[in-house]
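The values are calculated or read from the model by the stated rules, or taken from the named source; none is laboratory data. Predicted, not measured: the structure shown is a model, and the values here were computed from it. Here the Cβ positions follow ideal geometry from the backbone for every residue, glycine too, while neighbour counts run over all protein chains shown.
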Amino acid sequence: MSNRNKIYFASDFHLGVSNYELSREREATIVRWLDSIKEDAAQLFLVGDVFDFWFEYKRAVPRGFIRFLGKLAELSDAGIKITMFKGNHDMWMFGYLNKEFDATLVSDELVIELQGKKIYLHHGDGLGPGDAKYKILKKFFRSSFCQWMFARLHPNLGIGIALVWSRRSRLSQAKTERFMGEQQEWLANYSKEMLQKEHFDYFIFGHRHLPLDIRLNESSRYINLGEWLNFNSYAVLEDGEVFLRYFEKEPYGAHNGVNDTESLIDEKKD
Ligand SMILES: [Mn+2]
């Protein structure tokens, strides 16, 4: 009988930034991580922004990432169920990857019930109040008109434009996000609002680029998966509980003299 009893969650690998060498290094780290979970993973959730840019043309896909893609194929062939979310950087996945990995592709949110826990999953972009400009952009980028237009550009031009656009992002300028207090955590606030209507044990998001584990009430927590440029952070569900973990890295917060983000948050209360 297999001992596959863990569920893994990660997001924001941003493969492709900042340059080829750094991306290859990060890809190698991710491949080592995937190797390390291969024996005990039942499922793997990749919660968006796996690629810094991705677009599937009808008969072509972007170059690169072959070790990562190969490793995902290996995990899938070993019986691990893979679920991929569209992020704001890689929303243009249309079926190629989920076909190759026999994976489920999620456009927005997904609610799962595993190990007796109810979990709300979303990349995290365009949620809550504000960010009106992005919400309009997201609608446009996701429209079949926009995708059809983009696919008409020669890939050298289309992907070229996309890479220039992506280099303007904070992450590619190697900035590390910082915790600014629980009130400022809009995804935590968004989760709290959702809890008014419906119970979830966990909310798991990416997008924030900061590993976070915030208690929302007696029985609910908000987990942010962080990113893999600075933190190598991921979450694992085992025996009905979700833990934030760090691959080949010190936990976030260790540098600030605190053990975890929860104690960081406790200090800021009252
Ligand atoms: Mn991201």
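Below is a table of values for the structure above.
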item: Residue within region 114-137 that is in contact with a Leu (Cβ under 6 Å, 6 or more places away or on another chain) and on the phi < 0 side of the Ramachandran plot present; result: yes
item: Residue match in region 159-172 (condition: of a type outside the set (S, T, N, Q), farther than 22 Å from Y20 by Cα and within 16 Å of the ligand (Cβ to nearest atom)); result: no
item: Residue count, region 186-237 (criterion: farther than 29 Å from R4 by Cα and more than 16 Å from the ligand (Cβ to nearest atom)); result: 14
item: Qualifying residue in region 244-256 (condition: modelled with pLDDT of 95 or more, within 19 Å of K117 (Cβ to Cβ) and of a type outside the set (G, A, S)); result: yes
item: Residues that are surrounded by 23 or more Cβ atoms within 10 Å (Cβ to Cβ) and under 14 Å from L97 (Cβ atoms), drawn from region 50-62; result: V50, F51, W54
item: Only one of A60, A42, A28 that is part of a strand (DSSP E or B), more than 20 Å from D108 (Cβ to Cβ) and either away from the ligand (no atom under 16 Å from the Cβ) or out of contact with any helix residue (DSSP H, G or I) (no Cβ under 7 Å at 6 or more places or on another chain) (or both); result: A42
item: Only listed residue being without any contact (Cβ under 8 Å) to a residue 60 or more places away in the chain, within 16 Å of the ligand (Cβ to nearest atom) and touching a helix residue (DSSP H, G or I) at 6+ places or on another chain (Cβ under 9 Å), chosen from L15, L72; result: L15
item: Residue in region 79-102 that is basic (K, R), closer than 21 Å to S23 by Cβ and in contact with a helix residue (DSSP H, G or I) (Cβ under 6 Å, 6 or more places away or on another chain) present; result: no
item: Filtered residues of region 63-85 (kept if in contact with a strand residue (DSSP E or B) (Cβ under 7 Å, 6 or more places away or on another chain) and part of a helix (DSSP H, G or I)); result: F68, L72, L75, S76
item: Residue selected from region 84-124 under the condition within 20 Å of S191 (Cβ to Cβ), of a type in the set (A, V, I, L, M) and within 16 Å of the ligand (Cβ to nearest atom), by the criterion surrounded by the most Cβ atoms within 10 Å (Cβ to Cβ); result: L121
item: Count of residues meeting criterion [loosely packed, with under 14 Cβ neighbours inside 10 Å, in a loop (DSSP other than H, G, I, E, B) and either in contact with a helix residue (DSSP H, G or I) (Cβ under 9 Å, 6 or more places away or on another chain) or touching a residue at least 40 places away in the same chain (Cβ under 8 Å) (or both)] in region 129-145; result: 2
item: Filter result (surrounded by 20 or more Cβ atoms within 10 Å (Cβ to Cβ) and among the hydroxyl-bearing types (S, T, Y)) within region 201-240; result: Y202, Y222, S233, Y234
